1. Right, Asp39: surrounded by 10 or more Cβ atoms within 10 Å (Cβ to Cβ), in a helix (DSSP H, G or I) and not β-branched (Val, Ile, Thr) or not?
2. With Glu19, Glu52, Glu42, Glu71 as the choices, which residue is more than 31 Å from the chain's Cα centre (by Cα) and acidic (Asp, Glu)?
Amino acid sequence: MKDQQTLLGHKESELRSMEEHVRLLEEQVSSLKRVSEADRDELSKLHATVAELDREKDELQIAVDEKTEQEASRVDAVANRVSHISTGLCHLAVYDALFYRLILSYAALQIAL
């Protein structure tokens, strides 16, 4: 009987130890669930931030593309003006040369007279 009471005491002690171990494991599980939930919340916020940054990046890229097109248009306009001015200057040079010949011819006529 004494052996059985001793054995029962050991088994009761083991049971209390196991119950304490289970309680600690349940606390760890509860703590891990809270951490996991906080991590999910943070991940959700990060996904939302990334999505917002993607939208902003797209808007900025559209603005850059528009500015690039405007600049290309301005460069083309300036090139056309330069070409037009160059053509005008060439015509002026031709007219200048003709005018110079006319003056020389007039001077030659004046001398001949």
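We did not get these values from a lab; they are worked out from the coordinates using the rules stated. Just so it is clear, the structure is predicted and the values come from calculations on it, not from any experiment. Note: ideal-geometry Cβ built from the backbone for every residue, glycine included; neighbour counts use all protein chains shown.
1. Judged against the criteria, Asp39 is a match.
2. Glu19
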